[in-house]
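The values are calculated or read from the model by the stated rules, or taken from the named source; none is laboratory data. None of these values were measured; they are calculated from a predicted model. Cβ placement follows ideal geometry from the backbone for every residue including glycine, while neighbour counts extend to all protein chains displayed. Just so you know, the surface numbers come from the protein's heavy atoms only, side chains and all, with ligands and any DNA or RNA stripped out. Shrake-Rupley method; radii C 1.70, N 1.55, O 1.52, S 1.80 Å.
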Amino acid sequence: MYRIIREILKYGIKTEPAPACDPSLKVGGMEMLEKSLAIRHVDAGSCNGCELEIHALNNPYYLLEGSGIQFVASPRHADMLLVTGPVSRHMEAALKATYDAMSEPRLVVAVGDCGRNGGIYCSRRNYACCGGISSVIPVDVEIPGCPPEPEAILKGILSAIRS
Amino acid sequence: MDFEGMERIRGIAPIWKAEGDWLERAESCRDEGGRLVSLWGSETEEGAFVHAAYVLSKGMLIVKHRVEGGSYPDLSGIFPCASRMQRSIFDMHGIDHQGRDKRPWLCHGFWKFPLRKGGLQGATPSSEDYPFVRVEGEGVHEIAVGPVHAGIIEPGHFRFQVVGEKLLRLEERLGYKHKGIEKAFEGMTIPEGARLAARISGDSTVAYSWAYAMAVEAACGITVSSRAGLLRGIALERERVANHLADLGALGNDAGFSFGLAQFSVIREDMLRINKSVFGHRLMMDLVVPGGMSGDFEEGGKMIEETNIIESKVRDLREIYMDHTGLQDRFLTTGKVEPALAAALGLTGLAGRASRNAADIRVDHAYFPYDMLDVSMATHYGGDVAARVSVRFDEIFESLRLIRMMIERLPEGEIMQNLPACSGFGAGWVEGFRGEVLLALEIENGVIRRAHPHDPSWQNWPVLEFAVTGNIVPDFPLINKSFNLSYSGHDL
């Protein structure tokens, strides 16, 4: 126990302030949600690079849960769907079903270049891909990048709340 | 098997190729203690072919076999891991195999034979469910999980047969992430292909990029500079360390020890930030390119200092993990794959080494820069989650040592060479963090005709089904994480 506490003290507090958002978007923000946002993540066919950066959001540097944003296990508990793409033909039905299981109001954020338009996999016609997330479900905010860095994902999530 | 008279392909990896004797070569490979790495199909004007890549003590052997009468002899009786690969060859090409399991694997019924010459055939999915093998009896029930899982994970379906909390049987159904990568490669230029290769499995982006670059360089007959070679080694070892750090943290967390996740994820984040400042990308995507490297660095001293810091932190954390009774209680004897079973099923890479299946390209078939580094292989006899944790710790320390050595030996020089527009066959073979990655490539006048990437997850997914048997349902996430297999690299 002593060693665990020693390590914690040695590391200190790593958490950085959340990035500033475009102020013109500020309508309600996190205050409106009373510092509570539940996100359901769906990987609709990514290379798993975006997942690595979404994972990083939970590390002590970004500490997503510290600002009241948490990932939940069921779409029924979620306010927001965070989707990585491209949407493969095999995940199309599962993505739609996940979206349909959410109660309204609901937000959808498409992560990464593939989430936006299918990225490199869909640069030409591809039998196995449907394209970006918006070709299957309505999308509120798209976050470019391959993969987008954690700060960019965080900014995208915050701007979806404020839009 | 005698490699005499066989053609060694160009390039730095020890790879030979041969034609014919499909079954005989498979049997003699098994008898010599070799392993099957990958199976894939191809089609030319001359007809349909299947290809198999084996590893023997001298190196890799790629066997090409002409398909006669629409099918080819089954290898799954010799190498069990062949089964799903044979089913996928049928899904992609319509080339039948003579094996018993005729169920589709990558195909879910929406398309038919996309790699067949003359184009894709449309299809409508059948309304019948995939025929899972069921266990019947009093008190047995079924748990269906996925494709969307409860967490930030890739999609796949798991079908558990359970009595109470005890797992009787697991059957996987994958292919949900199939996004036509092999088809997309066809007709791409070399630089386009490099971008796609870097995105086959994001966590192994350096391994795949290097395998692709190695294949292109082999086909074109060029050798990269020593500086570029060493930089590739540094990037690959950094990728290994970063992934092992993430896994060790997640394994602690899955056993209820969130302290581990917090600590390891801080070290990982520090590392990714240095990747960004040195190489311009946190995951080092598109860093290794055919002909050399797209990025260089000047401040080697900073990175050596960083490796020393990581080493001392990980050493402290290892002691805490080892001494933590609650954690060890969850790790020990959980998800055990006995060495004999691992050898019979062809468990490979990190998980294989944790079940005394000692194989590592960096040691057994070392090419530049590993041939001058005297890499020491981490192995364990336990075969359980604890063994896979232990191998990860050992590999982190070894990789940090390698990174330091490579930085110290880094010569001055160019990092990029021009590629001629070339034609030919090449293959790249790299020990990624999960295991051996293979990329076989055929180029025609600078355009890709056929590319087949292989992820070690192909071998290890079927073994996971055995590893969980007899364990309890709540231990499944822990066991699954201890293997950390790729869905994207497998589903293609």
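Brief remarks follow.
- Of the helices (runs of 4 or more DSSP H) contained entirely in the range B:155-273, those carrying at least 1 residues that are more than 14 Å from chain A (Cβ to nearest Cβ) fall at B:190-197, B:205-220, B:226-254.
- Set side by side, the residues B:E298, B:E311 differ, and just one is open to solvent by 10 Å² or more (accessible area, probe 1.4 Å) and in a helix (DSSP H, G or I), which is B:E311.
- Listed by first and then second residue, the pairs linking a residue in the range B:237-250 that is among the charged types (D, E, K, R) to a residue that is open to solvent by 10 Å² or more (accessible area, probe 1.4 Å), with Cβ atoms under 7 Å apart and 6 or more places separating them unless they lie on different chains, are B:D247/B:K481; B:D247/B:N484.
- Residue satisfying all of: in the range B:216-230; buried (at least 21 other Cβ atoms within 10 Å of the Cβ) and among the aliphatic types (A, V, I, L, M); farthest from B:L287 (Cα to Cα) among these: B:A219
- Residue among B:I448, B:I472 that is in contact (Cβ under 8 Å) with a residue 24 or more places away in the chain and open to solvent by 30 Å² or more (accessible area, probe 1.4 Å): B:I472
- The set of residues in the range A:113-128 that are facing chain B (nearest Cβ under 10 Å) and either open to solvent by less than 10 Å² (accessible area, probe 1.4 Å) or among the aliphatic types (A, V, I, L, M) (or both) comprises A:G118, A:I120, A:Y121, A:A128.
- Just one residue in the set B:G193, B:G229, B:G146, B:G202 is among the small types (G, A, S) and more than 22 Å from the chain's Cα centre (by Cα); that residue is B:G146.
- Test: residue in the range B:86-101 that is open to solvent by 50 Å² or more (accessible area, probe 1.4 Å), more than 14 Å from chain A (Cβ to nearest Cβ) and assigned to a helix (DSSP H, G or I): yes
- Restricting the range A:105-163 to residues that are of a type in the set (S, T, N, Q) and part of a loop (DSSP other than H, G, I, E, B), the residue that is farthest from the chain's Cα centre (by Cα): A:N126
- The range A:84-94, residues that are surrounded by 20 or more Cβ atoms within 10 Å (Cβ to Cβ) and either assigned to a strand (DSSP E or B) or more than 8 Å from chain B (Cβ to nearest Cβ) (or both): A:T84, A:G85, A:V87, A:S88
- Any hit, the range B:122-129, residues being outside any strand (DSSP E or B), at the interface with chain A (Cβ under 10 Å from one of its Cβ atoms), surrounded by 18 or more Cβ atoms within 10 Å (Cβ to Cβ) and in contact (Cβ under 8 Å) with a residue 12 or more places away in the chain: no
- Total residues in the range A:100-112, condition over 12 Å from A:S46 (Cα atoms) and more than 11 Å from chain B (Cβ to nearest Cβ): 9
- Residues in the range A:44-83 that are part of a helix (DSSP H, G or I), without any contact (Cβ under 8 Å) to a residue 40 or more places away in the chain and within 7 Å of chain B (Cβ to nearest Cβ): A:E51, A:H55.
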